[in-house]
1. Which count do you get for residues in segment 192-208 that are in contact with a Gly (Cβ under 9 Å, 6 or more places away or on another chain) and in a loop (DSSP other than H, G, I, E, B)?
2. Of all residues in segment 231-252, count the ones that are without any contact (Cβ under 8 Å) to a residue 40 or more places away in the chain and not in a helix (DSSP H, G or I).
3. Residue 108 is checked against (1) in a strand (DSSP E or B); (2) under 25 Å from the mean Cα position of the chain (by Cα) and fails just one. What number does that condition carry?
4. Return the pairs, sorted by first residue and then second, in which the second residue is within 11 Å of ligand 1 (Cβ to nearest atom) and not β-branched (Val, Ile, Thr), the first residue lies in segment 381-398 and is within 12 Å of residue 255 (Cβ to Cβ), the beta carbons are less than 6 Å apart, and the residues are 6+ apart or on different chains.
5. Taking segment 174-223 as the search range and keeping residues that are among the hydroxyl-bearing types (Ser, Thr, Tyr) and open to solvent by less than 10 Å² (accessible area, probe 1.4 Å), which one is farthest from the chain's Cα centre (by Cα)?
6. List pairs: first residue in segment 266-279 and of a type in the set (A, V, I, L, M), second residue within 11 Å of ligand 2 (Cβ to nearest atom) anywhere in the structure, Cβ distance under 8 angstrom, at least six positions apart or on different chains.
7. Restricting to segment 327-363, name every residue that is within 29 Å of residue 244 (Cβ to Cβ) and either away from ligand 1 (no atom under 16 Å from the Cβ) or surrounded by fewer than 18 Cβ atoms within 10 Å (Cβ to Cβ) (or both).
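The values are calculated or read from the model by the stated rules, or taken from the named source; none is laboratory data. Fair warning: this is a prediction, and the values are worked out from it, not measured in the lab. A quick note on method: Cβ atoms are made from the backbone with ideal geometry, for glycine too, and the neighbour counts reach across all protein chains shown. Surface accessibility is based on the protein's heavy atoms, side chains included, excluding ligands, DNA and RNA. Shrake-Rupley method; radii C 1.70, N 1.55, O 1.52, S 1.80 Å.
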Amino acid sequence: MSGSSVPGRDGDSEEFGSIKGSGAHAGGRRCDLIPIPVLWEPEEGAFELGPRVEIFAPEQLAREAQVLARWLERAQEGRRCVVVLEENATRKCAAHIVLSLSQEMRCAEEYRLDIGRTGIRIEAADEAGVVRGAASLAQLAFSRGNSIAAMRIHDWPRFSWRGFMLDCARNFFRVEFIEKLIDLAALHKLSVFHWHLTDDQAWRLEIPSHPELTERGAFRQDLRYEVEMKKGGFYSRNDVERIVAHAAARHILVVPEIESPGHSTALLASHPEFSCRGGVNPSLQFKPQDHYGIFEDIVCAGNDATLSFFDEVVGELCAMFPGGYVHMGGDEAPKARWIDCPRCQRRMIELDLRDARGDCAPEKLQAWYMGRLSAMLRSRGRRMVGWDEVIEGGISGDTIVMSWRGIGLGIEAAKLGYDVVMCPQTRACYLDHKHLDTPEEPGHLGFCTVRDSYSFDPVPEKLPDDLARHILGGQANLWSELLYFGRHAEYMLFPRLCALSEVFWSPRELRDFEDFSARLDSHKRRLDALDTLYYKGMLS
Ligand code: ACM
Ligand code: ZN
């Protein structure tokens, strides 16, 4: 992930005549896409997508061409899309779709989409840009049927980190469902899937050298049935390979998360020796029937064996996930336990981790502990991501900070030189919150309307450029303490995720809630066609 905002590139002012920045309307037509593209211009006529479509692409774009082919087939029952690999595919024209890369584009994920009467061309700066252009074309095919009005689009993202997080620890979601969400995310031009894999309630990732983690930590008794039923599951190496490949084809980066030092009770279920008490504490023991976060514990930062264990886990994790980023948690750690632990006390004294009054400082111990995890990742060529608590007590400068307790901590982190992803829980990015503040709506802790999500901006106005540069983007988070089904997850995500996709991709000057609401009307047809449940009530 690089830099942050990229609007206002040089040389665009002449392009597309007077419509630059005019947003959704031109020539009496509405640009019916979510997120809204940077530049678009309607043209005369339409392209007829027949029952057999040929997509020409160079070998290098074979995977991207297949993604487009599957989307176009889904948009129309019975359509057959054939990918033809040809190095000089750009010479093809009539009644076909042609994909190519261009040296002239300078921005990652930038693309041009030209829909003419006789053919469609997607030209992009890189492979990711081809998929972003394909997502625009697929959206039109889903909502417009076989006749796609002619137009030209030139588009690129505002932020590189356009994320969504799924909590697969509190509720286990099937691989097929995760693939469906990744596909939907790609159709909305998101770029990061943050996969929350462990928490107090479960450890979901198979670590081959430590099978006990999932044997003890991946299943709980489900109390909703009279007969004894175990509920849960975990992701095997093959499952991970499948998800990573599915995401990679759509140019979505998978960022796995293993939580510590807090939110780690499921780990301590199989390794009580890593807790501060060094053994099973009956009052804190992981009970299979526990359902919701009423228990919490912390791993012992004074125990060298804890760190050796994490080194092994991080090694296996990095072998499974090729992406450059790993999230190690760091939030809501009950650090008070460290004060009562002789080993943690010893560590704080040895390392002189003290506050201004000279007392042992557990925040500094957490910073030291997270620093050790970050060094384990760095030695394997990865960069650590952590929740915003990680800046308390100091952490190495290459850490990416996820600002979840509002955006203030993200700004503070940017001032300290950290790169930041904004995902505040306060009526913006926590999509497990209710859609409306009414007793009938399902949801958790608070509420957040579609308009709230749409009104959010990862970069507050007037933030100086040197700080804004540190804000990589934003992320939607879906926690699953109260979610039991994929359908319910869809209902919580949509259409707020559509709103956030526009916040993360499109230029701020094109933000217009009334226009977004109008576009959402036809977008709902796409969600229907994709068999996706969404909230249908008031948007604000
Ligand atoms: C969080 O919501 N505890 C990151
Ligand atoms: Zn301890």
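1. Summing the residues that are in contact with a Gly (Cβ under 9 Å, 6 or more places away or on another chain) and in a loop (DSSP other than H, G, I, E, B) in segment 192-208 gives 5.
2. 1
3. Answer for residue 108: the failing condition is (1).
4. 385/327; 386/330
5. Our first condition is that a residue be among the hydroxyl-bearing types (Ser, Thr, Tyr); within segment 174-223, this holds for 191, 198, 209, 214.
From what's left, open to solvent by less than 10 Å² (accessible area, probe 1.4 Å): 191, 198, 214.
Numbers: 191: 7, 198: 16, 214: 24 Å.
Here the residue is 214.
6. So the pair list comes out as 267/274; 267/299; 268/274; 268/275; 268/297; 268/299.
7. Pass one, segment 327-363, residues within 29 Å of residue 244 (Cβ to Cβ): 327-333.
331, 332, listed by residue number.
This table checks each residue for (1) modelled with pLDDT under 95; (2) open to solvent by 80 Å² or more (accessible area, probe 1.4 Å); (3) touching a Ser or Thr at 6+ places or on another chain (Cβ under 7 Å).
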{"position": "5", "(1), (2), (3)": "yes, no, no"}
{"position": "10", "(1), (2), (3)": "yes, yes, no"}
{"position": "14", "(1), (2), (3)": "yes, yes, no"}
{"position": "20", "(1), (2), (3)": "yes, yes, yes"}
{"position": "49", "(1), (2), (3)": "yes, no, no"}
{"position": "79", "(1), (2), (3)": "yes, no, no"}
{"position": "86", "(1), (2), (3)": "yes, no, no"}
{"position": "89", "(1), (2), (3)": "yes, no, yes"}
{"position": "94", "(1), (2), (3)": "yes, no, yes"}
